[in-house]
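The values are calculated or read from the model by the stated rules, or taken from the named source; none is laboratory data. Worth saying up front: this structure is predicted, and the values here are computed from it rather than measured. A quick note on method: Cβ atoms are made from the backbone with ideal geometry, for glycine too, and the neighbour counts reach across all protein chains shown. Only protein heavy atoms, including side chains, enter the accessible area calculation; ligands, DNA and RNA are left aside. Shrake-Rupley method; radii C 1.70, N 1.55, O 1.52, S 1.80 Å.
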Amino acid sequence: RADYAAMLEAVDSGVGRILQTVARLGLTDNTIVIFTNDNGGEWLSNGGPLFNRKWTVWEGGIRVPAIVKWPGRIRAGSVSDQPVITFDWSASILAVAGVEVPTSYEGINILPILEGRAPEQQRTFFWRSAPNSNRTQQAVRQGDWKLVVDANHLLLFNLRDDIGERHDRTAQRPDIVRRLRTLLDDWTRSVDADAKSLK
């Protein structure tokens with residue numbers, strides 16, 4: 001745990017030095033700073049109230065903080081409920097740089113949403129455990145609803161009401177389970193077909 005704390009302190013110090021350098025060079029007002037991560041916390045971290053951790057498709061394994069600083073464009077202290085994925089950061093940076101984002105790219109430019117110039121969008125996201133994982137997990141999120149397939153178990157959660165994924169709603173909403181399972185199965189077939197075509 002002491003090593004983990006030291007790593008976090010080193011990251012914090014490093015980010016501080018970068019921001020100080022940007023300020024010293026007079027670039028603060030013309031710089032977008034994005035601080036985020038690619039997956040949930042390690043076993044030493046406390047992700048509460050999220051359930052589980054890295055290497056899983058539960059919220060504790062995939063939901064991460066994202067802090068964006070863009071002076072004069074994104075209001076300091078504002079909070080957005082817009083779900084995003086890593087691909088969105090690439091698409092957003094390309095759009096700000098004036099580079100056309102290919103229509104086939106999965107990410108979207110989310111900066112207009114964070115700036116308050118565009119409404120939040122309902123998104124559909126998919127995840128699955130790594131092929132070398134010792135446990136098969138898949139998940140799909142559409143709007144507030146998330147279906148988790150953990151081994152042979154189907155579990156449905158409303159993330160707006162239950163961010164900790166503690167109240168399975170499969171019995172109450174079989175219609176949503178069917179809809180999300182169909183989306184997940186279609187996505188899985190598409191991803192697997194794409195992977196085979198690249199071999």
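Overview of results
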read-out: Qualifying residue in region 72-89 (condition: without any contact (Cβ under 8 Å) to a residue 24 or more places away in the chain, under 16 Å from the mean Cα position of the chain (by Cα) and not in a loop (DSSP other than H, G, I, E, B)); value: yes
read-out: Yes/no for LEU114 being surrounded by 13 or more Cβ atoms within 10 Å (Cβ to Cβ), closer than 28 Å to GLY164 by Cβ and at pLDDT 95 or above; value: yes
read-out: Per-region count, region 37-47, residues open to solvent by less than 60 Å² (accessible area, probe 1.4 Å) and touching a residue at least 24 places away in the same chain (Cβ under 8 Å); value: 4
read-out: Selection from region 151-178 of residues that are touching a residue at least 60 places away in the same chain (Cβ under 8 Å) and either among the β-branched types (Val, Ile, Thr) or open to solvent by less than 90 Å² (accessible area, probe 1.4 Å) (or both); value: LEU159, ILE163, GLY164, GLU165
read-out: Matching residues in region 65-83 - criterion: being closer than 30 Å to ALA139 by Cα and open to solvent by less than 40 Å² (accessible area, probe 1.4 Å); value: VAL68, GLN82, PRO83
read-out: Subset of region 137-153 [within 17 Å of the chain's Cα centre (by Cα) and in a strand (DSSP E or B)]; value: GLN137, GLN138, ALA139, VAL140, ARG141, GLN142, TRP145, LYS146, LEU147, VAL148
read-out: Filter result (part of a helix (DSSP H, G or I), open to solvent by less than 60 Å² (accessible area, probe 1.4 Å) and hydrophobic (A, V, I, L, M, F, W, C)) within region 11-36; value: VAL15, VAL22, ALA23
read-out: Any pair with Cβ under 6 angstrom, 6 or more apart, that starts in region 111-125 at a residue that is over 18 Å from GLY77 (Cα atoms) and assigned to a helix (DSSP H, G or I) and ends at one that is open to solvent by 60 Å² or more (accessible area, probe 1.4 Å) and modelled with pLDDT of 95 or more; value: none
